[in-house]
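J.: Structure provided below as structure tokens; questions to follow.
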Amino acid sequence: MKKPGSKGEHNLQKEFQTEKRALAFYQNQLLNHLNPEMCRFIMGQEFVFISTADANGECDASFRAGHAGFVEVLDEKTLIFPEYRGNGILASMGNISENPHIGMVFIDFYQSSIGLHVNGTAEIFSNEELESDPDPSGKIKMALKKSGPRKPISWIKVRVEEAYIHCSKHIPLMQKRDKKIHWGTDDEKLKGGDFFNAKNCDPDPSA
């Protein structure tokens with residue numbers, strides 16, 4: 001059987017003498033699908049961190065949030081989540097259109113302080129394509145309903161290739177506080193404004 005992981009990680013496991021530990025992790029924790037516990041975990045989460053890369057391998061990391069379960073588990077190999085217009089750059093979707101690989105990290109900061117990595121390939125679907133899906137399970141209809149009054153510009157469907165735990169030892173346990181969420185607002189103050197004073201900076205001082 002082919003050893004999971006990349007050539008690079010295998011080479012470094014030899015260099016740092018972690019092959020035995022890595023093999024134990026591959027054998028005991030790495031799945032090529034979502035088991036029932038992972039599905040329940042995802043459906044309880046209100047946010048996820050995602051990573052994508054363009055055709056040249058240049059990376060972008062981002063954040064997605066919604067009501068609990070906004071990432072819908074269609075089955076043990078498939079997830080979908082909505083994409084909104086945001087700042088209009090569409091960096092993640094732009095990357096996916098060139099390179100389908102995606103990494104996702106779900107972290108429960110409030111109860112278990114456990115994380116879940118999900119790696120796979122992603123496709124972009126329009127609202128119309130999703131609405132016309134036969135979907136005998138009814139889960140796509142449920143996802144469309146959860147997306148709320150602000151209609152997504154599209155949807156991302158992820159085919160799961162790897163799923164594994166991120167251990168809790170360095171994840172802080174946080175207390176959730178009330179915050180009014182202004183979904184889809186264009187109010188600059190509510191969005192954070194120019195928090196980092198970027199407007200007054202030269203975008204490329206080295207040029």
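The values are calculated or read from the model by the stated rules, or taken from the named source; none is laboratory data. Keep in mind it's a predicted model, so treat the numbers as computed, not measured. Ideal geometry is used to build each Cβ from the backbone, glycine not excepted, and the neighbour counts take in all protein chains shown.
J.: Just name the residue that is farthest from ILE171 (Cα to Cα) out of those in the range 77-89 that are touching a residue at least 60 places away in the same chain (Cβ under 8 Å) and surrounded by fewer than 16 Cβ atoms within 10 Å (Cβ to Cβ).
T.: Applying the first criterion (touching a residue at least 60 places away in the same chain (Cβ under 8 Å)) to the range 77-89 yields 77-85.
Applying the additional criterion that residues be surrounded by fewer than 16 Cβ atoms within 10 Å (Cβ to Cβ) yields 77, 84-85.
Details: LYS77: 26, TYR84: 28, ARG85: 30 Å.
Result: ARG85.
J.: Take ASN200 and decide whether it is within 17 Å of CYS39 (Cα to Cα) and among the polar types (S, T, N, Q). I'd like the intermediate steps shown before the answer.
T.: Working: within 17 Å of CYS39 (Cα to Cα): no; among the polar types (S, T, N, Q): yes.
So ASN200 fails the test.
J.: Out of the residues in the range 149-207 meeting the condition of being touching a residue at least 60 places away in the same chain (Cβ under 8 Å) and basic (Lys, Arg), tell me which one is nearest to TYR26 (Cα to Cα).
T.: Applying the filter and picking the extreme gives ARG159.
Here's the yes/no breakdown for (1) in a strand (DSSP E or B); (2) touching a Cys at 6+ places or on another chain (Cβ under 8 Å); (3) under 29 Å from HIS101 (Cβ atoms); (4) modelled with pLDDT of 95 or more:
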position	(1), (2), (3), (4)
ASP135	no, no, yes, no
ALA143	no, no, yes, no
GLU161	yes, no, yes, yes
LYS176	no, no, no, no
ASP194	no, no, no, no
PRO203	no, no, yes, no
ALA207	no, no, no, no
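J.: Is there a residue in the range 166-173 that is over 24 Å from GLY86 (Cβ atoms), in a strand (DSSP E or B) and of a type outside the set (A, V, I, L, M)?
T.: Pass one, the range 166-173, residues over 24 Å from GLY86 (Cβ atoms): 166-173.
Then drop every residue that is not in a strand (DSSP E or B), which leaves 166.
Retained after the next criterion (residues that are of a type outside the set (A, V, I, L, M)): 166.
Scanning the range 166-173 turns up at least one residue that is over 24 Å from GLY86 (Cβ atoms), in a strand (DSSP E or B) and of a type outside the set (A, V, I, L, M).
J.: Now, a different point. Among the residues of the range 141-150, is any surrounded by 10 or more Cβ atoms within 10 Å (Cβ to Cβ) and in contact with a Pro (Cβ under 6 Å, 6 or more places away or on another chain)? Working first, answer last.
T.: Restricting attention to the range 141-150, the residues satisfying the condition of being surrounded by 10 or more Cβ atoms within 10 Å (Cβ to Cβ) are 141-144, 146-148, 150.
From what is left, the residues that are in contact with a Pro (Cβ under 6 Å, 6 or more places away or on another chain) are 147.
Yes: the range 141-150 contains one or more residues that are surrounded by 10 or more Cβ atoms within 10 Å (Cβ to Cβ) and in contact with a Pro (Cβ under 6 Å, 6 or more places away or on another chain).
J.: Go through the range 48-75 and give me each residue that's surrounded by 15 or more Cβ atoms within 10 Å (Cβ to Cβ), under 15 Å from ALA122 (Cα atoms) and over 12 Å from the mean Cα position of the chain (by Cα).
T.: ALA53, ASP54, VAL73, LEU74
J.: Right, another one. If you go through the range 117-128 one residue at a time, do you hit one that is of a type in the set (Asp, Glu) and in contact with a Pro (Cβ under 8 Å, 6 or more places away or on another chain)?
T.: yes
J.: Additional query: Being closer than 24 Å to MET38 by Cβ and touching a residue at least 24 places away in the same chain (Cβ under 8 Å) is the filter here, so list the residues in the range 125-135 that pass it. So that I can check it myself, show each step before the final result.
T.: Going through the range 125-135, the residues closer than 24 Å to MET38 by Cβ turn out to be 125, 130, 133, 135.
Residues satisfying the conditions are PHE125, LEU130.
J.: Consider TRP183 against the criteria (1) in a loop (DSSP other than H, G, I, E, B); (2) closer than 30 Å to SER126 by Cβ; (3) modelled with pLDDT of 95 or more: it satisfies all of them except one. Which criterion is unmet?
T.: Looking at each condition in turn, TRP183 falls short on (3).
J.: Same structure, new question: Pull up the range 88-125, narrow it to residues that are more than 25 Å from ALA68 (Cβ to Cβ) and outside any helix (DSSP H, G or I), then point me to the one that is modelled with the lowest pLDDT. Before you say what the answer is, go through the steps one by one.
T.: Taking the range 88-125 and keeping what is more than 25 Å from ALA68 (Cβ to Cβ), we get 88-91, 94-95, 97-101, 121.
With outside any helix (DSSP H, G or I) added as a condition, the list becomes 88-90, 99-101, 121.
On the way: GLY88: 91, ILE89: 94, LEU90: 96, ASN99: 98, PRO100: 98, HIS101: 98, THR121: 98.
So the residue we want is GLY88.
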